[in-house]
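Below: one structure in structure tokens.
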Amino acid sequence: MITKRLYKEDPYLRSCETQIFRVVSISGKKAVILKESVLFPEGGGQSSDRGTLTLLYSTGDTAVRDGQQYQVLDVYEHDGEIYNLLDTGDDIPIGTRCRVDLDWQRRFDNMQRHSGEHLLTGIFHREYGATNRGFHMGDDYMTIDLALEGYAKVNEINWDMVKKAELLANEAIYEDLPIIVRQFGDDYKEAAKQPQRKPLTVKKDITLVGIGSNDEEWGCVACCGTHLKSCAQVGLIKCFKLEPNKGMYRIYFEAGRRAFLRYQEEMEVLHTLGRKMSAGTEDILAKYDAQTEKNREKYTQLSDLKREIFAREIERITSELSDEAVTAGSIPAWHYDILSLDDLSTMSRDLSPLVKKLIFLVHDPSHTVLLVSDGTIKCGQLVRDNVGIYNGKGGGSDTFARAIFQSKDMAETFMDLIEKHLK
């Protein structure tokens, strides 16, 4: 292991001067391995740090420009070494002195979220005996997957239990419980003796992270990430959703500044809804339920009225249909601009058994022609064979099809073509 990992000694260290030990080319860019670094590589569910690398001077034969700065796009571990991927393909001499500056806002955000995960998971373990079997730190939220196994104290996790765990986690923040990081190196035996909520699985470079005290197993677990000094710096933990997942329970949540910003955003939405409904947060649900009930009554009334209109319109159409007109080559058409396309489609289902050959229902606002028949004339095939001639689109079944056009003229020309085709 070449790189000295300064972030393990002090996760609050924001910069360091060091020397480039190795340079490799990766997909047209350069990645450097440093003798020391404050940059954390991706691991333990935590995304990698970002930052800048500024060249100071070279000890090699090739001169470098003092002060040349590159962005560190990614930091990852491979074969025990830390690779820092730069935004350049420039040649950089081995041995060059440089300064590494950490993107502190990103790091602190990661530490808040990661430490918040430790705290919330520990509370679920302490209160319910749940075991964390998965952790994901995404761009929009974090998740933990909790399994009830072994020494679980409950048979299920419900939303009330999530709210209780959330409250207890935030109370630990108020109490400012310490977050204790202990390095054991490769001393597995000594590390395994310590109280911890999950059996120790790593054998080398062991770090135990605890909450509260070293004697409480609920807050202690092995982890390679970066962590805060105390729970107060987490700031806030907020859970958003609970759902079953592969026999476990998935909790969606946020911590730190992100939790506050999301809480702020959702409160703004709530207040906006309150203003629109002339309600406060204390009665907005009641007003919403009342409005929903009114809408349900109006929808029922509208559905009843539409059914009456459909019945009358079907009666009118069937009374106007004549075998002689169809036989003579004229296909009857009815035009609509108030009823919607969905309304006409619904009406067509009841009409089709009553249509001996073919009729058109035309939705004028969208230049859409509906073909309806009893199946003797294949509506869908007619549309597929002819709609493209006029740059239209559509399709359908034997008894019902639709053809959509860009203009009224194209729709009328299409209907004229179908009439001539069926003569």
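The values are calculated or read from the model by the stated rules, or taken from the named source; none is laboratory data. In this text the structure is predicted, and so the values were computed from the model without any measurement. Every residue, glycine as well, gets a Cβ built from its backbone with ideal geometry; the counts of neighbours run over all protein chains shown. What goes into the accessible areas is simple: the full protein's heavy atoms, side chains included, and nothing from ligands, DNA or RNA. Shrake-Rupley method; radii C 1.70, N 1.55, O 1.52, S 1.80 Å.
Where the accessible area of the chain is counted over protein heavy atoms with a 1.4 Å probe, how much of it, in %, is carbon and sulfur?
The value for the chain is 49 percent carbon and sulfur by accessible area.
Apply the a/c threshold of 1.5 to the C-alpha gyration tensor of segment 243-292 and tell me whether it is rounded, prolate or oblate.
oblate
Oh, and also: If I ignore ligands, DNA and RNA and count only protein heavy atoms, how much of residue 231 is accessible to a 1.4 Å probe, in Å² to the nearest 10?
That residue has around 0 Å² of solvent-accessible surface.
Can you work out D for segment 24-134 in µm² s⁻¹ from Stokes-Einstein, where Rh is the Kirkwood radius over C-alpha pairs, the temperature is 20 °C and the viscosity is 1.002 mPa s?
In µm²/s, the coefficient rounds to 135.
Does segment 197-270 come out rounded, prolate or oblate by the C-alpha gyration tensor, with a ≥ b ≥ c the root eigenvalues, rounded set by a/c under 1.5 and, if not, prolate when a/b is larger than b/c and oblate if not?
Taking the square roots of the gyration eigenvalues as a ≥ b ≥ c, segment 197-270 is oblate.
While we're here: Identify, among 28, 11, 40, the residue whose Cα sits farthest towards the positive end of the charge dipole of segment 1-40, taking +1 on the Cβ of Lys and Arg and -1 on the Cβ of Asp and Glu, with the dipole about the Cα centre.
Farthest towards the positive pole: 28.
Summing Lys, Arg as +1 and Asp, Glu as -1, what charge do residues with Cβ under 13 Å from the Cβ of residue 170 carry, residue 170 excluded?
Charge balance in the 13 Å sphere: -2.
Summing +1 for each Lys or Arg and -1 for each Asp or Glu, what net charge is found among the other residues whose Cβ lies under 13 Å from the Cβ of residue 258?
Overall, the nearby charge balance is -2.
Shifting gears a bit: Just check segment 298-397 against the gyration tensor rule for me: Cα atoms, a ≥ b ≥ c as the square roots of the eigenvalues, rounded for a/c under 1.5, and otherwise prolate or oblate depending on whether a/b exceeds b/c.
Because a/c hits 1.5 or more and a/b fails to exceed b/c, segment 298-397 counts as oblate.
Within 10 Å, at most 11 other Cβ atoms, and a DSSP state outside H, G, I, E, B define an exposed site. Report the longest part of the chain free of exposed GluC sites (Glu not before Pro).
1-155
Further question: Tell me which label goes with the value of volume of the Cα convex hull per residue in Å³ computed from the coordinates here: [x] 178; [y] 253; [z] 140.
Answer label, from the structure shown: [y].
For segment 164-245, run through the trypsin sites (Lys or Arg not before Pro) and keep only the ones in DSSP coil with at most 13 other Cβ atoms within 10 Å of their Cβ.
Qualifying residues, ordered by number: 203, 204.
When the chain is treated as a GNM, springs tying every alpha-carbon pair under 10 Å, which of 394, 150, 185 comes out with the largest mean-square fluctuation?
Comparing 394, 150, 185 in the GNM, the peak value goes to 394.
Still on this structure: Tell me which residues come under 5 Å, amide H to amide H, from residue 36 once H is placed; ignore anything under 5 positions away on its chain.
Hits under the 5 Å cutoff: 4, 19.
Can you run phi through the Karplus equation (6.51, -1.76, 1.60; θ = phi - 60°) for segment 411-423 and list ³J(HN,Hα) in whole Hz, with x for Gly and Pro?
Running phi through 6.51 cos²θ - 1.76 cosθ + 1.60 with θ = phi - 60° gives 5, 5, 5, 4, 4, 5, 5, 5, 4, 5, 5, 8, 5 Hz.
Here's something else I'd like to know. DSSP loop trypsin sites (Lys or Arg not before Pro) in segment 245-320 with at most 13 other Cβ atoms within 10 Å of their Cβ, which ones?
246
Give me the dipole magnitude in Debye, nearest 20, for the chain about the Cα centre, with unit charges on the beta carbon: positive for Lys and Arg, negative for Asp and Glu.
My answer is approximately 620 debye.
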